[in-house]
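**Q** Encoded as structure tokens, here's the structure I'll be asking about.
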Amino acid sequence: MDLKRATAKILVVDDNEPTRELLRDSLRSAGYEVISAKNGKEALQKVKEETLDLILLDVMMPEVDGYEVCAKLKGDEETRLIPIVMLSVLSDLSDKMRAIEVGADDFLNKPVSRIELLTRVRSLVRVKYLNEALENVKNVIFSLSAAIEANDPYVRGHSERVSQRSAYFAKQLGLSDKVQDILMNAGMLHDLGKIGISRDILHKPGPLTESEFAQIKAHPLHSEKICQPLRSTSLLLPIIRHHQERYDGKGYPDRLEGKNIPLGARILAITDAYDALTSERPYRSALSKEEALKVLKEGAGTQWDPELIKKFISMLTREKEKVEAK
């Protein structure tokens, strides 16, 4: 994507026609493509029809005001990355704080200085292009993770199952939607570092040599390194790095112990182990759910967080009872 392109498309939303014309003329003179809407309802329709790079949004409008429009757009996955600059004759701190609360990226007071307008627009459009580039790289990494598993019969679907179960477990624990989303993404990417390990080692039916196991132990670090350049994955990195730590401090890569292991990593460690235990592996057949839960219970307090193991087993037991009751 060209970060210097000057043909960004901007939507100007204001119920005052002279103001719309003034903003439109200023932006067009700087090389931007401009479309306009005279109220919030029309603005929401324009967003559906056009691919936009920025929105200049008046606060005070009849029926649907700027705050409501901004909240709707920032709450939608399809439009959340469009920068929104709110414009208003209001100058109280409370008005600016409300704009921030609904997700606005910037706030300008009317009458707007042309120099200030173009400076803010130029900066926010550039940020949008950078965010889009990062999102594209993120999508490539997620696709790579899926492609790696698709070609390996022993781990096919593993990351997706771990991803879904980790998010569901977090929900059952009462953790926030944000934490659930973080765990879902971490589950998809936690084994990405295995891309550099030969299939002979990953599929070895017998015990690993010391050097072979050293390669396996390095995969959380490699997964972290692959994801590190992406700002959108920063909250996932501690989970990815530490999902192979043990509660007794004998895990890897950093030998963290007990509650020093991030909560997300402790959750992922359990869901990861459960899926591995109940799946076919080169060195053993898949265990039944009952056998897998027995292994988890025996490892509570040494390999895994004992409190989380109790809650995980309770969750799966409830699921089983619901299925049997049908």
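The values are calculated or read from the model by the stated rules, or taken from the named source; none is laboratory data. Treat the numbers as computed from the prediction; the structure is a model and nothing was measured. Using ideal geometry, Cβ is built from the backbone for each residue, glycine included, and neighbour counts are taken over all protein chains shown.
**Q** Would you tally the residues in the stretch 252-302 being over 20 Å from ILE240 (Cβ atoms), among the acidic types (Asp, Glu) and in contact with a helix residue (DSSP H, G or I) (Cβ under 8 Å, 6 or more places away or on another chain)?
**A** Of the residues in that region, 1 qualify.
**Q** Applying the selection to the stretch 50-100, what residues are over 25 Å from GLU17 (Cβ atoms), touching a Phe, Trp or Tyr at 6+ places or on another chain (Cβ under 8 Å) and in contact (Cβ under 8 Å) with a residue 12 or more places away in the chain?
**A** ARG98
**Q** Still on this structure, I have one more. Take LYS320 and decide whether it is touching a residue at least 12 places away in the same chain (Cβ under 8 Å) and more than 29 Å from HIS203 (Cα to Cα).
**A** Yes; evaluated as a whole, the condition is true for this residue.
**Q** Just checking, how many residues over the stretch 299-316 are out of contact with any strand residue (DSSP E or B) (no Cβ under 7 Å at 6 or more places or on another chain) and farther than 13 Å from PHE169 by Cβ?
**A** 5
**Q** Take the stretch 167-187 and flag every residue that is over 11 Å from the mean Cα position of the chain (by Cα) and among the aliphatic types (A, V, I, L, M).
**A** Of everything in the stretch 167-187, those that are over 11 Å from the mean Cα position of the chain (by Cα) and among the aliphatic types (A, V, I, L, M) turn out to be ALA167, ALA170, LEU173, LEU175.
**Q** Within the set of pairs 6 or more residues apart or between chains, which connect a residue that is on the phi < 0 side of the Ramachandran plot and in contact (Cβ under 8 Å) with a residue 40 or more places away in the chain inside the stretch 275-300 to a residue that is aliphatic (A, V, I, L, M) and surrounded by fewer than 15 Cβ atoms within 10 Å (Cβ to Cβ) with Cβ atoms less than 7 Å apart?
**A** Qualifying pairs under 7 Å: SER279/ALA286; GLU280/ALA286.
**Q** Something else now. Looking only at the stretch 253-281, which residues are among the basic types (Lys, Arg) and either surrounded by 15 or more Cβ atoms within 10 Å (Cβ to Cβ) or under 22 Å from the mean Cα position of the chain (by Cα) (or both)?
**A** ARG266, ARG281
**Q** Which one of these does ASP15 not meet: (1) in contact (Cβ under 8 Å) with a residue 40 or more places away in the chain; (2) surrounded by fewer than 21 Cβ atoms within 10 Å (Cβ to Cβ); (3) touching a Lys or Arg at 6+ places or on another chain (Cβ under 8 Å); (4) closer than 20 Å to GLU132 by Cβ?
**A** (4)
**Q** Let me ask something else. Starting from the stretch 103-120, keep only residues that are free of Cβ contacts under 8 Å to residues at least 12 places away in the same chain, then list their pairs with residues that are not in a loop (DSSP other than H, G, I, E, B) whose Cβ atoms are within a distance under 8 Å, requiring at least 6 positions of separation or different chains.
**A** Correct list of pairs: GLU116/LEU108.
**Q** Going by the structure shown, is ARG284 surrounded by 14 or more Cβ atoms within 10 Å (Cβ to Cβ), under 21 Å from HIS158 (Cα atoms) and either in contact with a strand residue (DSSP E or B) (Cβ under 6 Å, 6 or more places away or on another chain) or of a type outside the set (Val, Ile, Thr) (or both)?
**A** no
**Q** Considering only the stretch 69-95, state which residues are touching a Leu at 6+ places or on another chain (Cβ under 9 Å) and modelled with pLDDT under 90.
**A** Within the stretch 69-95, ARG80, SER88 qualify.
**Q** Looking only at the stretch 41-57, count every residue that is touching a Lys or Arg at 6+ places or on another chain (Cβ under 9 Å) and acidic (Asp, Glu) and tell me the total.
**A** 2
**Q** Also, I was wondering about something else. Might you let me know whether the stretch 80-99 holds any residue that is of a type in the set (Lys, Arg) and under 17 Å from ILE10 (Cα atoms)?
**A** Within the stretch 80-99, one or more residues are of a type in the set (Lys, Arg) and under 17 Å from ILE10 (Cα atoms).
**Q** Looking at GLN244, GLN228 in this structure, which one is without any contact (Cβ under 8 Å) to a residue 12 or more places away in the chain, closer than 25 Å to GLU149 by Cα, within 28 Å of the chain's Cα centre (by Cα) and in the same structural domain as LEU173 (by TED's automatic domain parsing)?
**A** Exactly one of GLN244, GLN228 is without any contact (Cβ under 8 Å) to a residue 12 or more places away in the chain, closer than 25 Å to GLU149 by Cα, within 28 Å of the chain's Cα centre (by Cα) and in the same structural domain as LEU173 (by TED's automatic domain parsing), namely GLN228.
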